[in-house]
Each structure stands twice: as structure tokens, then as C-alpha cells.
Amino acid sequence: MRTIDLRSDTVSHPSPAMRRAMAEAEVGDDGWGDDPTVNRLQERVADLLGKEAAVFVPSGTMANLASVLAHCRRGEEIIVGDQSHIYLYEYGSVSALGGVSYRQLPNAEDGTLDPDMMEDAIRPVSPRFPRTAVVCLENTHNRCSGQPLTREYTETIASIAHERGAALHVDGARIFNAAVCQGVPAAELVRAADSLMFCFSKGLSCPVGSIVCGSSEFIATVRRMRNSLGGGMRQAGVLAAAGMVALDEMVERLADDHSNARRLAQGLAGIPGILIDPATIHTNIVIFEVADGEPVEFISRLREHGVLASHTHGSKLRMVTHYGIEQQDIDDALNAVESAAREALGVA
Ligand code: TLP
């Protein structure tokens, strides 16, 4: 039985064209700035996202951490959503390693932060208060069912932040999902942001790598931070080559992941014992609840039926569509959920 792995889009494998490009990549020592493929990828991405410069980093976690460290000095503060990846899943690294504190605001179900609350939360300049150095948004929002943020919303938050002396960073791990689903170029979505990162290793299906974009001065600092975190790489062109292919062939196909996610959500909504509002699913992340069920137990039952899902929090489970998952896999996954629900919940 084939396993249908919907735990994350991080489980996606590189395409045949990526593997070929990786094998043939022109490389050099990136520590010396000599890797031509890394350099080409950085220039291409900066151009594509409408920023002056970009730097290739090993992971999304390091991309966010190096960005925050570049924006903040010790004792300063960042504003994050209480459901954000930076706050929940990045090991407290900005405070552990940077002496930076987190100020959390509640994320609405659509992944936004309330602009008025945000305005109040940015501290006035005072010798007593920590300086609020940066506000962080997440687009799409992982814990909020992959909800995309609009260009207008991002601009509103940016203008409040800038007026009060704070920068705006976008954790755009899945920014191309947000762009494709709204039919807006990614550059438009982040025009107002001072910095952003996105991941090559999620929906874009590369084996490794993320990238940070911003002004040339900011990126020079991020590069130093990356290196100080041990993230400097040598012949990283083998990884950047996959990123180049991803930009050519993996962006537009995200629309297939979105329609598979909608099909999954609609199917789940029809299964007794499963709770989900399919209208909230716009990109590739599907979060649902198992009524009266033990989510962890439900996940092991699903595994017996050949489907892998992940537990997010409370009674919530997550399934993520990605390259390699076809419409038939979605239909098979729905059959598996139906069987697991019947067994686990005693639903007829
Ligand atoms: N998200 C992963 C992990 O939490 C395991 C996932 O499966 O969704 N920002 C956002 C919004 C993310 O979703 C992730 C990873 C990251 C940052 C961090 O990227 P990596 O895993 O490359 O460090």
C-alpha cells in the first residue's frame, strides 16, 4: 500500500529536473562569494521580490532568526502573532540567542493581527521601555489554515509600524502560495515590508534552503548573522540550482495543491465526526477537528489506512497538499479518514 504523506509540504521531493540541475550545478566557495549559482539565485530572487538584495540560508527558522537579529539589538522587542511560527515553533531562539523579547498579539482566524492593537503595542520611545524594533507577519499563515494576507492588509500594518519607528518583517515561508491564490505577484504582497523570507523546501519542493530579501545594507547584516549562527555554506550551488528550477516550474503549479486542498476540505466536511469549514481553505493547508476523538489516536488509525497527518494543537489535525500528491491521493485519503472516523468515533 502506498503511503499518502500529508504531514507537511516539507515532505515533498525534488523533481527530476531539479535533480539534474543539482548534479550539473556550477559551484564555488560561497564563503568567498564565489558560488555562481548561489549568486544568480540571490540576484534573481531579489529582482523577483522587488528588493535590493537577497541571501540564501539553510532553513526557514534560520531565515527568520537571522532577520530578527539583524533588525534588533539586545533588550529590544518584536511583535508577533500568538499563533505565529516565529513565536511557537522556533525554539524561543530570538530570546535565547539574541536577548530579544516577544510581544504576542492574538492572531485572528484569518491570520491577521488587529491594526489598532498593534498600534497600541508598539512602545513609545522612552528610556524605560524596550524599543519595539520589528513587527512580524506570516503569509500564508501556517496555524490559521494557510490563510493568505492581502497586499492592502500588509500595507496597513507597514504604515502603522513605520510611523512608530518599527520595521516590518514577513515570514513568507509560503509567500508564493499567497501570491498564486490571490492572483497577485509576490513582490506586490511584500512591497511594504522591510524584509521577508521564503522557503524553497516547502511547496516549491526543493530539498533544502530558504532566502531572506531586503535592502543591501540589511542583507549584509543578515549574512553576518547567518554566518555567526553557523549557517555559512560552501558549494551551496547544488542547492541553489534546485531553487532556480523551482522558480521556473514550481510556482504556477501551486494552484493544483490549492485545488486539491479544497477538494480535501469539501470531502472532509461531508464525513460524520469531522469538523471543518471548507470556506476557510484557500491554499494548501487543511486544518480540521475530530469531534469527541483523540487526535493522536486518530492519526495512528489513519496511518494504518496508509495516510499520514499531523497534530497541530488541541483536537486539531493538519493535512498539507504538495508536489507528488494527486487528485486520486486526495480521494484515497478521504476514504481513509472515513474509515478511521467510523472505527475511532463509532460513527455510522
Ligand atoms: N513549518 C513546518 C514545521 O513547523 C515543521 C511545517 O511543517 O509547516 N515559517 C513558517 C510559516 C513555517 O511553516 C515554517 C516551517 C518555518 C517558518 C520554518 O522553516 P524550516 O522548517 O525550514 O526551518
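Residue pairs whose Cβ atoms lie under 6 Å apart, sitting 6 or more positions apart in sequence or on different chains, and linking a residue in segment 186-200 that is more than 18 Å from E252 (Cβ to Cβ) to a partner that is open to solvent by less than 10 Å² (accessible area, probe 1.4 Å) and assigned to a loop (DSSP other than H, G, I, E, B), are L196/G172; L196/V190.
Under the condition of being touching a Leu at 6+ places or on another chain (Cβ under 7 Å) and free of Cβ contacts under 8 Å to residues at least 40 places away in the same chain, which residue from segment 98-113 is nearest to S145 (Cα to Cα)? The extreme case among them is G111.
Contact map, segment 127-138: residues that are on the phi > 0 side of the Ramachandran plot and within 16 Å of the ligand (Cβ to nearest atom) paired with residues that are open to solvent by less than 40 Å² (accessible area, probe 1.4 Å) and assigned to a strand (DSSP E or B), Cβ distance under 9 Å, separation 6+ or inter-chain. No pairs are found.
Restricted to segment 139-167, and to residues there that are open to solvent by 20 Å² or more (accessible area, probe 1.4 Å), assigned to a loop (DSSP other than H, G, I, E, B) and within 16 Å of A187 (Cβ to Cβ), the residue that is nearest to the ligand (Cβ to nearest atom) is P148. If you go through segment 176-216 and pick out every residue that is assigned to a loop (DSSP other than H, G, I, E, B), closer than 19 Å to E52 by Cα and open to solvent by less than 10 Å² (accessible area, probe 1.4 Å), you end up with 2.
If the condition is being in contact (Cβ under 8 Å) with a residue 24 or more places away in the chain, away from the ligand (no atom under 13 Å from the Cβ) and over 19 Å from L196 (Cβ atoms), then segment 79-97 contributes D82, L97.
Identify, please: which residue in segment 1-15 is open to solvent by less than 30 Å² (accessible area, probe 1.4 Å) and within 8 Å of the ligand (Cβ to nearest atom) and is, among those, farthest from S201 (Cα to Cα)? Applying the filter and picking the extreme gives S8. Residue-level check: of (1) open to solvent by less than 70 Å² (accessible area, probe 1.4 Å); (2) over 30 Å from R226 (Cα atoms), D120 misses just (1).
The values are calculated or read from the model by the stated rules, or taken from the named source; none is laboratory data. Everything numeric in this text was worked out from a predicted model, so none of it was measured. Glycine also receives a Cβ, built like all others from the backbone with ideal geometry; neighbour counts cover every protein chain displayed. Keep in mind that these areas ignore ligands, DNA and RNA; they rest on the heavy atoms of the full protein, side chains included. Shrake-Rupley method; radii C 1.70, N 1.55, O 1.52, S 1.80 Å.
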